[in-house]
Amino acid sequence: MKKILPLMMASMVPTLLASPLPEKADVLASNTVIARYEGLTDIPCRFMTADCPDKCDHATKVATFTVIKNEDYKKPGKYGDDKAEAGSVVMVDMKKPTPGQDDAAVYALVDTLKPGDTVRLTQEHLYVDDGKAQYPVRPVTKMEKVEAPAEAASVPSAVPATPVQPRVMPGRRAR
C-alpha cells in the first residue's frame with residue numbers, strides 16, 4: 001500500500017496541472033492586445049456559501065493587465081466578448097487551472113514580469129460543452145513580453161490603488 005499511494009498521487013498530478021479543453025468548444029471571440037502588467041491581486045472569499053471560507057475555493061490570485069491597444073479582434077458570431085478597448089482590464093487566474101490554457105507557460109512568464117512590463121496576449125472567449133455542463137472559459141492562448149508602444153504612457157492604470165475589501169453581509173461580522 002505504501003508503494004501504491006505515491007504512484008496513484010503521481011498519476012493525478014498531470015490532471016491537476018493541465019486542464020484540457022473538451023472537444024466541443026466554440027470560439028465566440030478572440031482579442032489580441034498589448035497590455036501593461038499591473039501585478040498580482042488577491043481576491044478574497046466573499047463568504048457566500050456554507051462552505052466559506054474553510055472548504056470553498058472562492059479566494060484566488062489574479063495577474064492583472066491594463067490594455068494599451070487592441071491589435072486583432074475577431075467575433076465570428078452573434079455572441080462573445082466585446083473588443084477590448086484601451087484602459088480595460090484582462091485578468092489571468094494564477095491559482096486555478098483554465099481549460100485550453102497552457103497554465104505552466106503563462107505562470108512562468110508572469111513570474112518573470114515586473115509591474116509596468118508590457119506583453120502581447122491573446123485571450124479567447126470559448127463556449128464549452130463537456131457533455132455534462134455548458135459554460136464559458138477565457139483562456140490566454142498566447143503571451144509574450146514585448147516593448148512598450150508609444151501610446152502606453154497615455155493609458156492610466158485601471159487597477160485601483162487600494163486593495164478590494166471583502167463585502168460584509170448584513171447581520172454578519174467580518175472575520
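Quick note: the coordinates plus some simple rules give every number you see, no bench work behind them. Values in this document were obtained by computation on a predicted structure and should not be read as measured data. Cβ placement follows ideal geometry from the backbone for every residue including glycine, while neighbour counts extend to all protein chains displayed.
Checking every one of the trypsin sites (Lys or Arg not before Pro) in the stretch 66-104 against DSSP loop status and a limit of 10 other Cβ atoms within 10 Å picks out Lys78. Taking the Cα centre of the stretch 19-147 as origin and assigning +1 to Lys and Arg Cβ atoms and -1 to Asp and Glu Cβ atoms, the resulting dipole is close to 200 debye. Applying 0.36 nm per residue to the separation of Glu71 and Met48 and subtracting their alpha-carbon distance, the gain on full extension is 4.5 nm.
Shown in residue order for the stretch 124-136 are the 3J(HN,Hα) couplings computed by the Karplus curve 6.51 cos²θ - 1.76 cosθ + 1.60 at θ = phi - 60°: 9, 10, 10, 10, 9, 10, 9, x, 10, 8, 10, 7, x Hz (x for Gly and Pro).
Computed from the Cβ-Cβ distance with R0 of 30 Å, the FRET efficiency linking Asp129 to Leu40 stands at 0.40. Our Cα-only numbers for the stretch 19-147 put the radius of gyration and Dmax at 15.4, 47 Å.
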